[in-house]
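Working notes for the structure below.
The values are calculated or read from the model by the stated rules, or taken from the named source; none is laboratory data. Since the structure is predicted, the reported quantities are computational estimates derived from the model, not experimental observations. Quick reminder, even Gly has a Cβ in these numbers, built from the backbone with ideal geometry, and neighbours come from all protein chains shown.
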Amino acid sequence: MENKGIIKRQNKKKADFTGLVAPLVVLAILFAGLELLTRGLHISRYVLPPPSSVVRETVTHFGDILPHFLFTLKIITVGFLIAVPLGMFLAALFSQFDILVKAVSPVIILLVITPMITLIPLLMLWLGRNPNLRAIVVIVQAVPIITMNTLNGFTHIESEKLELARSVGATRFQCFSSIVFMNAMPQVFTGIKLGCIFSTIGAVSADFVAGSIGLGFRILQYTKYNLTDLTYGCIIIIALIGITLYSLVSAVEKRIVLWKL
C-alpha cells in the first residue's frame, strides 16, 4: 500500500510538471513562429507586429498601462468575489423548490446567452458613469453562469443517497450540506471557473462601452493612434489576468475536490 501511495504521488508530480511545461513549450513555439513569420514575410507592424516588439513596447510603456491594469484587475476581482457566493447562494435557494428551478432556469439561460456588451449602455444609464460601478457589470455577467452550473450540480444528485440519509434521521440541512453540496462540488467549480472567464469579459466590455480608464479603454486609444504593439500588449495582459484567476481557482479545486483527482 505504501509503494502504491509513493507511485501515485510520483505520477501526480510528473503530471503536474508535464501540465506546466507543455503549455510553455507551445507558447515558445508560437512566439518563435510568429516572430519568423512577421519578419520573413515583412508583415506591416500596424497589422501584426513581431512578438518581440510587442513585449518590448509593452515593458517600455508599462508605466502608462499600469493604472489601467490595476483598475481593470480591481473591477474583475471585486466583481468575481461578489459573484461567486451570490451565484452559489441563489443556486442553493432555487434548488430547494422544484417550482423555482423550473421558473428561473429560462431566465438564467437568457442572461447567460445575452451578450453583456448589449446591456452595458442601459446599466450605465441606470447606475451612472462612476467607473467603480463597473463591478456591477461583472457581477451581472458572472452570476448567471455560476448559478446555472451550481444549480445543475445541486439538482442532479442520486436519489438513493438522499433517501438513505433521510432514513437515518438526517435533516434537510444535513442532507444538503453533507450530500448535495459535496457531491456537486465538481459542477460548482466548473461554474466558478467559467465565472473567471465571464468576469474578465464583463470588465473589458464595460471599458469598451463606457470607459475613460481600464485596459479596454487603452486598447481603443492605442488602436486609434495605430500603436498596434501596445494594443496587442494590453490584450495579452487581459488574457494573463483571466488565466491567473482561472489557475488560482483550479488550484483551490484540486485541494478541495480530492475525489476528482
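Overview of values
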| item | result |
| --- | --- |
| Only one of Pro131, Pro49 that is over 16 Å from Gly191 (Cα atoms) and outside the structural domain of Leu151 (by TED's automatic domain parsing) | Pro49 |
| Selected residue (criterion: modelled with the lowest pLDDT) from residues of region 195-214 that are in a helix (DSSP H, G or I) and of a type in the set (A, V, I, L, M) | Ala210 |
| Which listed residue, of Thr200, Thr150, Thr231, is of a type in the set (Ser, Thr, Tyr) and under 19 Å from Met116 (Cα atoms) | Thr200 |
| Residues being closer than 14 Å to Val107 by Cα and among the hydrophobic types (A, V, I, L, M, F, W, C) - total across region 143-174 | 5 |
| Criterion: in a helix (DSSP H, G or I), in the same structural domain as Tyr246 (by TED's automatic domain parsing), among the small types (Gly, Ala, Ser) and in contact (Cβ under 8 Å) with a residue 24 or more places away in the chain - qualifying residue of Ala103, Ala142 | Ala142 |
| Filter pass, Val55 being assigned to a helix (DSSP H, G or I), outside the structural domain of Glu253 (by TED's automatic domain parsing) and in contact (Cβ under 8 Å) with a residue 12 or more places away in the chain | yes |
| Per-region count, region 221-230, residues assigned to a helix (DSSP H, G or I) and surrounded by fewer than 18 Cβ atoms within 10 Å (Cβ to Cβ) | 3 |
| Residue in region 220-227 that is under 22 Å from the mean Cα position of the chain (by Cα) and without any contact (Cβ under 8 Å) to a residue 24 or more places away in the chain present | no |
| Residue that is nearest to Phe217 (Cα to Cα) [pool: residues in region 61-100 that are polar (S, T, N, Q) and surrounded by 16 or more Cβ atoms within 10 Å (Cβ to Cβ)] | Thr72 |
| The one condition in (1) in contact with a Phe, Trp or Tyr (Cβ under 6 Å, 6 or more places away or on another chain); (2) surrounded by fewer than 20 Cβ atoms within 10 Å (Cβ to Cβ) that Pro186 fails to fulfil | (1) |
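Residue-by-condition table, conditions (1) surrounded by 13 or more Cβ atoms within 10 Å (Cβ to Cβ); (2) outside the structural domain of Ala135 (by TED's automatic domain parsing); (3) closer than 19 Å to Val137 by Cβ; (4) among the polar types (S, T, N, Q):
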residue	(1), (2), (3), (4)
Phe208	yes, no, yes, no
Gly214	yes, no, yes, no
Ile219	yes, no, yes, no
Gly233	yes, no, no, no
Leu240	no, no, no, no
Ile243	yes, no, no, no
Ala251	no, no, no, no
